[in-house]
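Read through the structure below, which is laid out as structure tokens, and then see the notes.
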Amino acid sequence: MTTLFSSVLQNRAPKVSVFIIFLISLHCLSLISVRVLAQTSPVFACDATKDPKVASYGFCDTKLGTDARVADLVHRLTLQEKILFIVNSAGSVSRLGIPKYEWWSEALHGVSNVGPGTKFTSLVPGATSFPQVILTAASFNTSLYEAIGKVVSTEARAMYNVGLAGLTYWSPNINIFRDPRWGRGQETPGEDPLLASKYGSSYVKGLQQTDGGDPSRLKVAACCKHYTAYDVDNWKGIERYTFDAVVTKQDLDDTFQPPFKSCVIDGNVASVMCSYNKVNGKPTCADPDLLAGVIRGQWKLNGYIVSDCDSVDVLFKNQHYTKTPEEAAAKVILAGLDLNCGSFLGQHTEAAVKAGLLNESAIDKAVTNNFATLMRLGFFDGDPSKQPYGKLGPKDVCTPEHQELAREAARQGIVLLKNSPGSLPLSPTAIKTLAVIGPNANVTKTMIGNYEGIPCKYTTPLQGLTTSVATNYVPGCTNVACGTAQVDDAKKAAASADATVLVMGIDQSQERESLDRVSLLLPGQQSLLITEVAKAAKGPVILVIMSGGGFDISFAKNDDKITSILWVGYPGEAGGAAIADVIFGYYNPSGRLPMTWYPQSYVDKVPMTNMNMRPDPSNGYPGRTYRFYTGETIYTFGDGLSYSKITHELAKAPRLLSIPLEEDHVCRSSECKSVEAVEQSCKNLAFDIHVRVQNRGKYGGSHTVFLFSSPPSVHNSPQKHLLGFEKVSLTGKAETLVRFKVDVCKDLSVVDELGSRKVALGQHLLHVGSSRHLLTVRI
């Protein structure tokens, strides 16, 4: 366009030039005015000011129940109109006053502009960008997870009110971080099913719950993804689009399904997204057992099931699951899919009905689930400015309180992995000069990971540290790949400084969606730079690792010259301030690792594609995650230090539990290793554990108390698993009592080889800190 106009202008008289410029100006002005109008008005149906007759429609009548309103709407639509509402870019039905609606928005750790449903403009230039999920998970603080969700939904509603965002958000990602190489592990709450469950249900509550607490209404609609056993993106050419996750029934029900079950049952999530991969030969989006059977049948989802983007297209074109596109459309809808992210169902569903592969009633069922979700969001209630949250606007985005919560979330998640005496915290008065070295020392976008939005502002690590002391900054590498390290400059800086902070690690060029790692070593010459700087440094050397996944940093762990190690995940927009808060002791670190850090030898011998959680001694397979892995670790799940010494003492715990069984139960006449965790024997079967927690140091702060159990060795049970966790606050020299309520059938059960939950009989070893307690469970 520029070339065309410039040639015109060069070959015409000045008056014509002025006229053309005037026309262009008018055109630009009209574009601007259209854009501003679009930005400042939300999308909604049942607008009686535009079309008075909508007031007579049942689906616009707020006095009716949701079911009656949805039934009225579906009844009014033609087949072609219904099909408009089973794709993410839903069409409009102007005769009924229903506008276009874009279902796809993202809010993994803040309102994101990754999906087409949300955008930033001069009206709202950014939103609060919290730490990437893996770091927030490391706080082990369920009230924090919910608080972040609440802020994100407030900012989402504020943006919706000015036409910049939708009401349906495809977050959180609650897949299990099964393999340390996974590029999307950063988006998840880690490797433990209980932690992932608590994170998912808490974040969902924060996003969805209305101020009145009415479960039939939604503030925004969340979506738990990617269902299920999805955790290979692109490893050595094996891609998620064609990967068949071969999973045992035991591993499925014991590891992969619990977070989704909790999301639906405990979180009351409005949506579940099925994944690209196949599970045991079937594409998840076409599996009626997984969708209609489990999500809707067993768990009673109140909401809609959506496909990952283009996954219906993928199962036809890449996985060749059906011979025709019409068969693919019919199969996914009959399996229980309600909404297709993509255009496939829009193109092929009508033909599937005409070919007799599908009844219109199946489409009615899908659109009913979709419309019911929009009803709960108030989309059909008329003018949003007259509804709850209608007064929110740009002033409610990036507020000082929201930005402070982003900093607090990063502080709570940062994990101190190593700390030699006299190293951290640094004294801001004693330290006159600080060398700040490394490719991640002055980064901005790296700190917000993926599925990010535009943040309110950034505080880089260098900026955060410079707030307290004078700094000398040397990048050391041009980027995280660190092809050639600038070792000499870095050594000079470290040799003349009172202390040195190395900010190393990786970014999205090394781990992301569609890119898994192949190595657990720091890239390029990073370890050389770290070691050489540590040798030259005259003061303490603090190594900061910024990453989603873990590393084999045994060289640094075992190097006495490296006095402290911090893992900071991708710490969000305020990451640099939070890192400085911890380094200078303004905040006592309390984060704990949500995933195991393995040695490089692990990935050399274990293919990423082996989905088995449990070890296999017959072939040397070592298993996965702290629950089953039998090999050496660099750091393990739950590791993390504090500036204070914390002690734990079991104050109350039973030694013996009896499970009531009916007189004719088979286990009364024959020896059983376990009994079914069924309702009649489980009723009121719970006990309390009290733990006395004492801070023996002078630094106050937060502390996570973990309750683990090692069950009896039956049904290939985990060697150890998490029963519960509590985050407590302790001033210096203070103590508190932490209470855990243990539900025997839920918490002390294990999943057998057929996927059934059983209470293991025999000795369960309970772990709290360094305390151990034997509990015998019998009939």
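Residue check: is S674 farther than 24 Å from R411 by Cβ and modelled with pLDDT under 90? Answer is no for this residue. Looking only at the stretch 645-655, decide whether some residue is surrounded by 15 or more Cβ atoms within 10 Å (Cβ to Cβ) and farther than 23 Å from L775 by Cα. Checking the stretch 645-655: at least one residue is surrounded by 15 or more Cβ atoms within 10 Å (Cβ to Cβ) and farther than 23 Å from L775 by Cα.
Which of the following residues is at positive phi, surrounded by fewer than 18 Cβ atoms within 10 Å (Cβ to Cβ) and either among the hydroxyl-bearing types (S, T, Y) or modelled with pLDDT of 95 or more (or both): D364, D310? Step through it out loud before you land on a result.
Numbers: D364 fails: at positive phi.
Exactly one of D364, D310 is at positive phi, surrounded by fewer than 18 Cβ atoms within 10 Å (Cβ to Cβ) and either among the hydroxyl-bearing types (S, T, Y) or modelled with pLDDT of 95 or more (or both), namely D310.
In the set G631, G623, only one residue is more than 30 Å from G453 (Cβ to Cβ), free of Cβ contacts under 8 Å to residues at least 24 places away in the same chain and either in a loop (DSSP other than H, G, I, E, B) or among the hydroxyl-bearing types (S, T, Y) (or both); that residue is G623.
When S601 is tested against the conditions (1) under 30 Å from A430 (Cα atoms); (2) among the polar types (S, T, N, Q); (3) part of a helix (DSSP H, G or I), the lone failure is (1). Take the conditions touching an Asp or Glu at 6+ places or on another chain (Cβ under 7 Å) and under 19 Å from Y145 (Cα atoms) and apply them to V415. Does it pass? No: the conditions fail for V415.
Results for (1) in contact (Cβ under 8 Å) with a residue 24 or more places away in the chain; (2) more than 30 Å from N175 (Cα to Cα); (3) of a type in the set (A, V, I, L, M); (4) in a loop (DSSP other than H, G, I, E, B), shown as yes or no for each residue.
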{"position": "A45", "(1), (2), (3), (4)": "yes, yes, yes, yes"}
{"position": "A48", "(1), (2), (3), (4)": "yes, yes, yes, yes"}
{"position": "Q80", "(1), (2), (3), (4)": "yes, yes, no, no"}
{"position": "T118", "(1), (2), (3), (4)": "yes, no, no, yes"}
{"position": "F130", "(1), (2), (3), (4)": "yes, no, no, yes"}
{"position": "I134", "(1), (2), (3), (4)": "yes, no, yes, no"}
{"position": "F140", "(1), (2), (3), (4)": "yes, no, no, yes"}
{"position": "V152", "(1), (2), (3), (4)": "yes, no, yes, no"}
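Against the numbered list (1) within 22 Å of Q257 (Cβ to Cβ); (2) touching a residue at least 24 places away in the same chain (Cβ under 8 Å); (3) open to solvent by 10 Å² or more (accessible area, probe 1.4 Å), V353 comes up short only at (1). Take the conditions (1) modelled with pLDDT of 95 or more; (2) of a type in the set (V, I, T); (3) open to solvent by 80 Å² or more (accessible area, probe 1.4 Å); V666 misses just one of them, which is (1).
Yes or no: the stretch 768-778 includes at least one residue that is part of a loop (DSSP other than H, G, I, E, B), open to solvent by less than 70 Å² (accessible area, probe 1.4 Å) and under 22 Å from N588 (Cβ atoms).
If we filter the stretch 768-778 for residues that are part of a loop (DSSP other than H, G, I, E, B), which is where we start, we get 769-770.
Next, only the ones that are open to solvent by less than 70 Å² (accessible area, probe 1.4 Å) stay: 769.
From what is left, the residues that are under 22 Å from N588 (Cβ atoms) are 769.
Among the residues of the stretch 768-778, at least one is part of a loop (DSSP other than H, G, I, E, B), open to solvent by less than 70 Å² (accessible area, probe 1.4 Å) and under 22 Å from N588 (Cβ atoms), which makes the answer yes.
Residues in the stretch 745-767 that are open to solvent by 10 Å² or more (accessible area, probe 1.4 Å), within 29 Å of the chain's Cα centre (by Cα) and within 13 Å of K720 (Cα to Cα): D747, H767.
The condition of being in a loop (DSSP other than H, G, I, E, B), buried (at least 18 other Cβ atoms within 10 Å of the Cβ) and free of Cβ contacts under 8 Å to residues at least 60 places away in the same chain holds for V480. Summed over the stretch 214-260, residues that are open to solvent by 30 Å² or more (accessible area, probe 1.4 Å), at pLDDT 95 or above and either in a strand (DSSP E or B) or of a type in the set (D, E) (or both) total 5.
Name every residue in the stretch 554-581 that is over 24 Å from the mean Cα position of the chain (by Cα) and of a type outside the set (K, R), in order of residue number. Before the answer, list the steps.
Keep residues of the stretch 554-581 that are over 24 Å from the mean Cα position of the chain (by Cα), which gives 554-565, 580-581.
Result: S554, F555, A556, N558, D559, D560, I562, T563, S564, I565, A580, D581.
Any residue in the stretch 538-552 that is of a type in the set (S, T, N, Q) sitting within a Cβ distance under 6 Å of a residue that is outside any loop (DSSP other than H, G, I, E, B)? List the pairs, counting only those 6 or more apart or interchain. Here the result reads S547/G505, each pair linking the stretch 538-552 to a residue that is outside any loop (DSSP other than H, G, I, E, B). Restricting attention to the stretch 283-333, the residues that are assigned to a strand (DSSP E or B) and either touching a Gly at 6+ places or on another chain (Cβ under 6 Å) or more than 15 Å from I86 (Cβ to Cβ) (or both) total 2.
Is at least one residue of the stretch 161-172 assigned to a helix (DSSP H, G or I), surrounded by fewer than 22 Cβ atoms within 10 Å (Cβ to Cβ), at pLDDT 95 or above and over 19 Å from the mean Cα position of the chain (by Cα)?
From the stretch 161-172, those assigned to a helix (DSSP H, G or I) are none; that's our starting set.
Checked the stretch 161-172: no residue is assigned to a helix (DSSP H, G or I), surrounded by fewer than 22 Cβ atoms within 10 Å (Cβ to Cβ), at pLDDT 95 or above and over 19 Å from the mean Cα position of the chain (by Cα).
Residue pairs whose Cβ atoms lie under 6 Å apart, sitting 6 or more positions apart in sequence or on different chains, and linking a residue in the stretch 709-725 that is touching a residue at least 24 places away in the same chain (Cβ under 8 Å) to a partner that is charged (D, E, K, R) and open to solvent by 40 Å² or more (accessible area, probe 1.4 Å), are S710/K720; V714/K673. Look at (1) closer than 30 Å to T630 by Cβ; (2) in a strand (DSSP E or B); (3) in contact with a Leu (Cβ under 7 Å, 6 or more places away or on another chain) and you find that H690 fails only one, number (1). Taking the stretch 496-542 as the region of interest, how many residues are open to solvent by 50 Å² or more (accessible area, probe 1.4 Å), out of contact with any Asp or Glu (no Cβ under 8 Å at 6 or more places or on another chain) and closer than 13 Å to T433 by Cα? Going through the stretch 496-542 one residue at a time, the tally reaches 1. Contact map, the stretch 229-255: first residue without any contact (Cβ under 8 Å) to a residue 12 or more places away in the chain, second residue part of a helix (DSSP H, G or I), Cβ cut-off under 9 Å, separation 6 or more or different chains; the map is empty.
The values are calculated or read from the model by the stated rules, or taken from the named source; none is laboratory data. Keep in mind that this is a model prediction, so the values were computed, not measured. Neighbour counts are summed over all protein chains in view; Cβ atoms, including those assigned to glycine, are modelled from backbone coordinates with ideal geometry. Heads up: the accessible areas ignore ligands, DNA and RNA and are worked out on the full protein's heavy atoms, side chains in. Shrake-Rupley method; radii C 1.70, N 1.55, O 1.52, S 1.80 Å.
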